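See below for the structure under consideration.
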Amino acid sequence: METFRVLVVDDEVDFLETLVNRLKKRKFEAEGVTSGEAALEVLKAKTFDVVVLDMKMPGGMDGIETFREMRKIQPHAEVILLTGHASVETSIEGMKLGAFDYLLKPVKFEELLAKLAAAIEKKVSRERKSGRPQ
């Protein structure tokens, strides 16, 4: 069975650690970072199949800015956006930029797993059609 790589980007440390640990228990190769800047550094060093990206993070880069920069580094990674009710518009903007989908926080783990499976299926299907890993 192939192992899929997932990067989780969220400034809420407890949520981040819990999500990464739960993904690892499901046999994903999961990593977590707490900022957009850190995500870009990791993406320069390693390839991921799916990025789970929080839209609202304090500090230098918000989710949309992070997403735009990520696309330059790993254009073929699928992206699932996480958002609060107040920033659904931001997620719609992310969808227009090519995100796979978005989920409202608080996220139900089973719902996230279903989105991850669908995103991975899309990525694998695209790779098969093009004849090369992306």
Answer yes or no: is there a residue in region 11-26 that is surrounded by fewer than 21 Cβ atoms within 10 Å (Cβ to Cβ), outside any helix (DSSP H, G or I) and hydroxyl-bearing (S, T, Y).
no
Mind telling me which of the residues T34, T66 ends up being among the polar types (S, T, N, Q) and either touching a residue at least 60 places away in the same chain (Cβ under 8 Å) or crowded, with 23+ Cβ neighbours inside 10 Å (or both)?
T66
Among (1) more than 18 Å from K44 (Cα to Cα); (2) of a type outside the set (S, T, Y); (3) out of contact with any Phe, Trp or Tyr (no Cβ under 8 Å at 6 or more places or on another chain) - the single one H76 does not satisfy
(1)
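Taking I80 as the residue in question, decide whether it is among the hydrophobic types (A, V, I, L, M, F, W, C) and part of a helix (DSSP H, G or I). Step through it out loud before you land on a result.
Details: among the hydrophobic types (A, V, I, L, M, F, W, C): yes; part of a helix (DSSP H, G or I): no.
Here the answer is no, as I80 does not meet what is asked.
Looking at the structure I just gave you, is T66 among the polar types (S, T, N, Q) and either closer than 16 Å to L7 by Cα or more than 14 Å from the chain's Cα centre (by Cα) (or both)?
Numbers: among the polar types (S, T, N, Q): yes; either closer than 16 Å to L7 by Cα or more than 14 Å from the chain's Cα centre (by Cα) (or both): yes.
Criteria met by T66.
FYI, it's all coordinate maths here, none of it is from the lab. Everything numeric here is computed off the predicted structure, so don't read it as measured data. Quick reminder, even Gly has a Cβ in these numbers, built from the backbone with ideal geometry, and neighbours come from all protein chains shown.
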